[in-house]
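Working notes for the structure below.
Read-outs throughout are calculated quantities, based only on the coordinates presented, and are distinct from any laboratory measurement. Worth saying up front: this structure is predicted, and the values here are computed from it rather than measured. Note that each Cβ is placed from the backbone with ideal geometry, even for glycine, and that neighbours are counted across all protein chains shown.
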Amino acid sequence: MSLSLVRIDCRLIHGQVLNAWVPHVRSDRIVVADDDLALNSLRQAIISASVPRSLEVKIDTVEGAVTDLLRNGSGKNRVLLLFSDCRNARRAYSLGLHFPAINVGNIHFCEGAHAVTSSVALSAADYNCLKELEWEGVEVELRAVPGDRRLRLKDIASIAQ
């Protein structure tokens, strides 16, 4: 299996992913692992409409995407795997999809969250979830686009305390 990038982005497929990350990591397939989106065909159609035909897109539940990637790998594809939140990424990891690194690109502000970059606001639950991945050996970076300065989770003060 060739995961070229594993990313958390609450917006899922959008301009930053298509115009910055896909060329940067040379992906030719995007897999979106999101239970809510997998059940919403209208949102799927809207999101998929922005993707160039040369790029394969698969939208599935977290469990379905993990099963597919573990069973079938990615073939010759370079897969960019997207999660909408930390919880789903952690769930995929606990289901056996072990990835060496994860990019946190965009998590919108919500009540109780703290802005740690201009595009990422972490709640205590998000921080702890990412910390668990880090304890498992996953390198966690916060960066919206490839040209941004890479910020590691260990570089931010603990907001969970």
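What to note about this one:
- Formal net charge of residues neighbouring Leu70 (Cβ-Cβ distance under 15 Å; K, R +1; D, E -1): 0
- Taken one residue at a time, the phi angles of region 118-123 give Karplus couplings (6.51, -1.76, 1.60, θ = phi - 60°) of 5, 10, 10, 10, 10, 7 Hz. Gly and Pro are set to x.
- Exposed loop positions in the chain were taken to be trypsin sites (Lys or Arg not before Pro) whose DSSP state is not H, G, I, E or B and which have at most 14 other beta-carbon atoms within 10 angstrom. Between these positions, the longest stretch is 77-148.
- Summed over qualifying helices (DSSP H, 4 residues or more, each -39500 (n - 2.57)) and divided by its residue number, the chain shows a 222 nm mean residue ellipticity of -8000 deg cm²/dmol.
- Fraction of antiparallel bridges per DSSP, the chain only, in percent to nearest 5: 15
- Rh by Kirkwood over Cα pairs, then Stokes-Einstein D for the chain at 1.567 mPa s and 4 °C, µm²/s: 82
- For region 102-115, Karplus couplings with θ = phi - 60° (6.51, -1.76, 1.60), whole Hz, Gly/Pro x: 9, 9, 9, x, 7, 9, 5, 5, 9, 4, x, 8, 10, 5
- Straight-line reach from Lys131: taking Cα to Cα under 27 Å and skipping same-chain neighbours fewer than 8 places apart, the lysines in range are Lys154.
- Centre-to-centre separation between the Cα atoms of region 108-142 and those of region 71-105: 16 Å.
- Full extension of the chain between His98 and Asp155 yields a length gain of 18.2 nm, computed as 0.36 nm times the residue separation minus the alpha carbon distance.
- J(HN,Hα) series, region 20-30, from Karplus relation 6.51 cos²θ - 1.76 cosθ + 1.60, nearest Hz, glycine and proline x: 10, 6, 4, x, 4, 9, 6, 6, 10, 8, 10
- Stretching the chain fully between Leu42 and Asp68 yields a gain of 7.1 nm (0.36 nm per residue, less the alpha carbon separation).
- The chain, relative contact order [Cα under 8 Å, separation at least 6], %: 28
- Each 10 Å bin from zero holds the following percent of Cα-Cα pairs in region 1-72: 18, 56, 26, 0.
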